[in-house]
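Worksheet: the structure to be examined is printed underneath.
All of the numbers you see were taken from the coordinates with simple rules; none came from a lab. Quick caveat: nothing in here was measured; it's all calculated off a predicted structure. Methodologically, a virtual Cβ is constructed for each residue, glycine included, from the backbone with ideal geometry; neighbour enumeration extends over all protein chains shown.
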Protein chains: 2
Amino acid sequence: MSNQITLYQHGTLALLVPGLLTGTITMAELLKHGDTGIGTGEGLDGELIILDGKPYHVHGTGDITIAPDSFTMPFANAHFARYSPLAELENVDEADLNQQMISLSRARNTFFSVEVHGVFSNVQTRAAVKSNPPYNTLAETAENQSVFNRDQVKGTLVGYYSPELFEGATVGGFHHHFISDDHQFGGHVLSFHLDKGDVSYQLFDTFEQHLPVGNKQYMEHDFSNDDIAGGIHQSE
Amino acid sequence: MSNQITLYQHGTLALLVPGLLTGTITMAELLKHGDTGIGTGEGLDGELIILDGKPYHVHGTGDITIAPDSFTMPFANAHFARYSPLAELENVDEADLNQQMISLSRARNTFFSVEVHGVFSNVQTRAAVKSNPPYNTLAETAENQSVFNRDQVKGTLVGYYSPELFEGATVGGFHHHFISDDHQFGGHVLSFHLDKGDVSYQLFDTFEQHLPVGNKQYMEHDFSNDDIAGGIHQSE
């Protein structure tokens with residue numbers, strides 16, 4: 001049971017900032033830590049959303065495929081889903097939803113996940129285009145991204161909330177990914193309006209931070225001059 | 001094997017800052033996560049150093065007792081010891097040792113533990129005196145502390161290193177506790193000179209952050225106005 005109250009994370013947002021984009025965990029390994037999650041591929045290769053143990057990979061082209069076990073990532077989150085229904089909401093945008101999640105869950109000082117299934121409108125997502133070594137910074141790499149829009153779409157949003165204290169290791173606050181029920185549209189969520197949907201959440205008491213200690217570039221990098229907060233806000 | 005590469009932490013340094021000093025984990029529970037560690041008791045009740053599964057409690061009086069299973073803590077670290085010898089060092093002070101640990105371990109971007117056993121001189125430790133609710137801030141509570149000095153003393157130093165990125169959740173950099181071989185002297189280390197000792201270290205790839213989600217005061221606290229970095233540096 002205890003693994004249902006743990007949020008696993010491989011890598012940190014901070015390591016993406018200077019461009020440490022080498023894939024340091026395989027999908028096979030990540031899936032040992034959860035059946036639900038988000039992430040990005042080596043070289044900022046698109047956006048991942050894992051649902052029911054299936055890792056959907058939204059490419060920079062917008063195409064969606066299932067990532068193979070050998071797919072590698074510099075950063076990912078995963079957990080074993082056991083969401084509790086929180087509310088059925090209508091006509092809320094992202095800021096409303098986030099605010100209601102904080103109020104209803106009363107969990108702003110811990111990690112939790114949000115899952116919303118329903119009908120959305122004006123969904124805007126993005127997916128970065130994979131770059132090759134030598135990697136540029138996150139901000140430079142993320143400039144090469146595609147933005148996708150869909151007006152009416154039925155689908156699932158999976159998000160994580162992290163307390164501000166962990167900004168840098170994580171995105172402080174909310175970080176949402178999306179995939180449509182027909183698996184034709186998805187990515188990192190930039191904005192949305194929820195017409196009507198079921199909102200559920202899952203609270204964690206443990207944040208399991210795994211670091212790529214086997215990666216020489218990571219271990220030797222001097223982070224002291226990186227503008228981590230700036231790099232994250234510019235790109236996330 | 002995997003639990004020998006995990007550093008477990010209950011609570012955060014940040015929660016101590018505004019005075020959330022209620023004990024939210026028992027010693028019995030903490031010892032499930034390690035046989036080695038450090039921490040403080042409810043109400044900032046002294047300093048703990050766990051060696052070989054034995055939790056030594058350095059009281060504000062300087063007395064050292066074994067903490068019972070029911071002893072509770074707002075903040076603690078633990079791990080299962082499997083240290084690797086790193087060096088035999090002579091005539092180094094704290095700043096030297098810390099710098100050498102960083103150079104020799106090449107692990108500044110991950111969590112690790114340091115253990116030093118040997119002969120120390122001019123060791124200065126402190127232990128806070130337990131306060132009762134309603135608690136004051138960490139800085140106010142820590143004013144009521146005892147400082148202990150010992151010139152020549154044989155003993156064990158246990159410390160943790162955390163990357164700067166995790167400052168706030170942890171003490172960024174090094175955090176050392178000490179206990180003499182005769183169990184008569186110890187506490188949170190303020191300064192020392194190592195005459196001669198064996199230095200070993202243990203690298204972690206995982207930081208397991210456990211939060212006191214069952215504690216209403218913690219969950220409802222507004223951390224946004226706390227000077228977390230200032231509070232930690234003033235007191236640690």
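A Gaussian network model of chain B, with springs between Cα atoms under 10 Å, assigns the largest mean-square fluctuation among B:GLY118, B:GLY37, B:GLY187 to B:GLY118. First select every other residue whose beta carbon is under 10 angstrom from the beta carbon of B:ALA81; then total the charges, Lys and Arg +1, Asp and Glu -1. Net of charged neighbours comes to -2.
Measuring between their Cα centroids, the stretch A:37-88 and the stretch A:186-215 lie 10 Å from each other.
Summing Cβ point charges (Lys, Arg +1; Asp, Glu -1) relative to the Cα centre of the protein assembly as shown gives a dipole of roughly 580 debye. Residues in the stretch A:133-141 carry Karplus couplings, in order, of x, x, 6, 8, 5, 4, 4, 5, 5 Hz; the curve used is 6.51 cos²θ - 1.76 cosθ + 1.60 with θ = phi - 60°, and Gly or Pro positions show x. Could you estimate the translational diffusion coefficient of the stretch A:2-235 from the Stokes-Einstein equation, with Rh from the Kirkwood formula over C-alpha pairs, at 4 °C and 1.567 mPa s, in whole µm²/s? Estimated diffusion coefficient is 74 µm²/s.
Packing order of peptides A:20-26, B:142-148, highest average first: A:20-26, B:142-148 (average count of other Cβ atoms within 10 Å over each peptide's residues). Selection among B:THR6, B:GLY19, B:PRO212 by position relative to the dipole of chain B gives B:THR6 as farthest towards the positive end (Cβ unit charges, Cα centre).
Legend: mean number of C-beta atoms from other chains within 10 angstrom of residue C-beta atoms, peptide B:209-219, equals 5. Per-residue mean of foreign Cβ neighbours for A:160-171 is 4 (Cβ atoms of other chains, 10 Å radius). Note on A:6-17: average number of Cβ atoms from other chains within 10 Å of each residue's Cβ is 2. Rounded to the nearest 10 degrees, the angle from helix B:94-105 to the longest Cα principal axis of chain B is 80 degrees. Placing R0 at 25 angstrom, the Cβ-Cβ distance between A:SER121 and A:GLN4 gives a FRET efficiency of 0.20 after rounding to 0.05. Taking only the C-alpha atoms of the stretch A:125-232, Rg followed by Dmax gives 16.8, 48 Å.
For trypsin sites (Lys or Arg not before Pro), the sites in the stretch A:100-144 that DSSP calls loop and that have at most 16 other Cβ atoms within 10 Å are A:ARG106.
Phi angles of the stretch A:113-123 translate, via the Karplus equation with coefficients 6.51, -1.76, 1.60 and θ = phi - 60°, into HN-Hα couplings of 10, 10, 10, 10, 10, x, 9, 10, 10, 6, 7 Hz per residue; Gly and Pro are given as x. Pairs of Lys residues in the protein assembly as shown that lie 8 or more places apart, or on two chains, and have C-alpha atoms under 23 angstrom apart add up to 11.
Rounding to the nearest 20 debye, state how big the charge dipole of the stretch A:2-235 is about its Cα centre with +1 on each Lys and Arg Cβ and -1 on each Asp and Glu Cβ.
Magnitude of the dipole: close to 260 debye.
The simple spin-label model puts a point 7 Å past each Cα toward its Cβ; for B:ASP63 and A:GLU143 those points are separated by 6.7 nm. Between A:THR110, A:THR125, A:THR36, the residue with the greatest mean-square fluctuation in the GNM of chain A (Cα pairs under 10 Å linked by springs) is A:THR110. Find the relative contact order for the stretch B:19-145 and round it to a whole percent, using C-alpha pairs within less than 8 Å whose residues are 6+ positions apart. Contact order relative to length: 31 percent.
Could you grab the relative contact order for chain A? Cα pairs under 8 Å, six or more apart, rounded to a whole percent.
Reported as a whole number, the value is 29 percent.
Using a ≥ b ≥ c from the Cα gyration tensor of the protein assembly as shown (square roots of the eigenvalues), is it rounded, prolate or oblate, where a/c under 1.5 gives rounded and otherwise the larger of a/b and b/c decides, a/b for prolate? Judged from the Cα gyration tensor, the protein assembly as shown comes out prolate (a/c at least 1.5, a/b above b/c).
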